[in-house]
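The values are calculated or read from the model by the stated rules, or taken from the named source; none is laboratory data. Keep in mind that this is a model prediction, so the values were computed, not measured. Note: ideal-geometry Cβ built from the backbone for every residue, glycine included; neighbour counts use all protein chains shown. Each accessible area value is taken on the protein alone, full model and side chains, heavy atoms only, with ligands, DNA and RNA left out. Shrake-Rupley method; radii C 1.70, N 1.55, O 1.52, S 1.80 Å.
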Amino acid sequence: MKNLLFFLLFIIHSAAFSQKKSDRHLHIHFKVNNAFGELTNLIVREVYEDGFSDTIYAEKANHSIDIDVNKHVLLEFVCPGHVTKRVAFNTDVPDDLLVLPFFDLVVELIEEDLLASLENKEELQTLMDFPIGYIKYSKINRDWYNSQLEFTKTINKLIKKSLK
């Protein structure tokens, strides 16, 4: 009887512990701007690797979302009159990491009128069809980082060069 009781307690404890693991998520706080300030009334679309998508309507520029761990998600920031920007997230983390650091994201959208006035608008539009960032977890630094930082810098340099 004691063994049976111990076994039941073990199963209940294991189930509760595994449920906590499956509830782990990356908390993303984002702010969306353009050249004139914060944007309101935007759409954030979560597109998952398996094809599932979810749409969030954000009335304010400051908003937060949660993405479950071990998912690959593309966030698309859409606002009328602006070029859509995309940021990819790989939330694969070690199993023993129970408390995940949050991620602060600032997205600056470019006005379509501004893009249309630039000399290299086709090149920039093509580049902006790709995610401007690919966020992953670094086991060494125990934090999130943009593994496409050079690509992001290249896009920003091209835009600044075009504005001169």
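Quick look at the numbers
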| quantity | calculated |
| --- | --- |
| Value of Rg/Rh across the range 101-144 [Cα atoms, Kirkwood radius] | 1.16 |
| Accessible area per residue, Å², the range 12-164 with all protein chains present, probe 1.4 Å | 61 |
| Formal net charge of residues neighbouring PRO80 (Cβ-Cβ distance under 13 Å; K, R +1; D, E -1) | -3 |
| Average Cα contact separation per residue, the chain, under 8 Å, 6 or more apart, as relative contact order % | 21 |
| Accessible-area composition of the chain, carbon plus sulfur, in percent [1.4 Å probe] | 56 |
| Cα pair distances exceeding 26 angstrom across the chain, given as percent | 39 |
